[in-house]
1. Every residue in segment 64-81 that is open to solvent by 30 Å² or more (accessible area, probe 1.4 Å) and either more than 20 Å from Q39 (Cβ to Cβ) or of a type in the set (A, V, I, L, M, F, W, C) (or both), please.
2. State the number of residues belonging to segment 85-106 that are assigned to a loop (DSSP other than H, G, I, E, B) and surrounded by fewer than 22 Cβ atoms within 10 Å (Cβ to Cβ).
3. Restricting attention to segment 113-121, does a residue exist that is of a type outside the set (S, T, Y), out of contact with any Asp or Glu (no Cβ under 7 Å at 6 or more places or on another chain) and open to solvent by less than 60 Å² (accessible area, probe 1.4 Å)?
4. Within segment 38-55, take every residue that is more than 22 Å from V2 (Cα to Cα) and among the small types (G, A, S) and give me the one that is most open to solvent (accessible area, probe 1.4 Å).
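The values are calculated or read from the model by the stated rules, or taken from the named source; none is laboratory data. Quick caveat: nothing in here was measured; it's all calculated off a predicted structure. Every residue, glycine among them, receives a Cβ derived from its backbone with ideal geometry; neighbour counts consider all protein chains shown. Ligands, DNA and RNA are excluded from the accessible area calculation, which covers all protein heavy atoms including side chains. Shrake-Rupley method; radii C 1.70, N 1.55, O 1.52, S 1.80 Å.
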Amino acid sequence: QVQLVESGGGLVQAGGSLRLSCAASGRTFSTYAMGWFRQAPGKEREFVAAISRSGGSEYYASSVNGRFTISRDNAKNTVYLQMNSLKPEDTAVYSCAADDRRYSGSYYDLQNYDYWGQGTQVTVSS
């Protein structure tokens, strides 16, 4: 089992920046691809970004590409989401998730992820 705990959410003005962290427990962090998803009120959870097990490949939703950067530090069992040029439409609960890559599925599909954090609120004011 993997426990994931997000932190770093908060209130920021449009155009500002925020960095989210996701700390993982367990000894097998480096065996999981990691993703960030978000869910706004009344909307379905959507893919934001993902990173491969080694950190060598990154994937982004078109809505955040060029503004957000995902990274990981396997020595610290932590994945990050650097969010720049934030927009009001980025307001959501952001959750990190771990994918064991058992079936080599799409990084974009939330159904491929096996463990989820509790989420952290990001609010961007206009």
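1. Listed by number, the residues that qualify are G66, T69, S71, R72, D73, N74, A75, K76, N77.
2. As a first pass, look at segment 85-106 and keep what is assigned to a loop (DSSP other than H, G, I, E, B): 85-87, 91, 100-106.
From what is left, the residues that are surrounded by fewer than 22 Cβ atoms within 10 Å (Cβ to Cβ) are 85, 87, 91, 100-106.
Residues in segment 85-106 being assigned to a loop (DSSP other than H, G, I, E, B) and surrounded by fewer than 22 Cβ atoms within 10 Å (Cβ to Cβ): 10 in total.
3. no
4. In the first step, residues of segment 38-55 are kept if they are more than 22 Å from V2 (Cα to Cα); the result is 40-44.
Those left that are additionally among the small types (G, A, S): 40, 42.
Details: A40: 26, G42: 93 Å².
Ranking the qualifying residues of segment 38-55, first place goes to G42.
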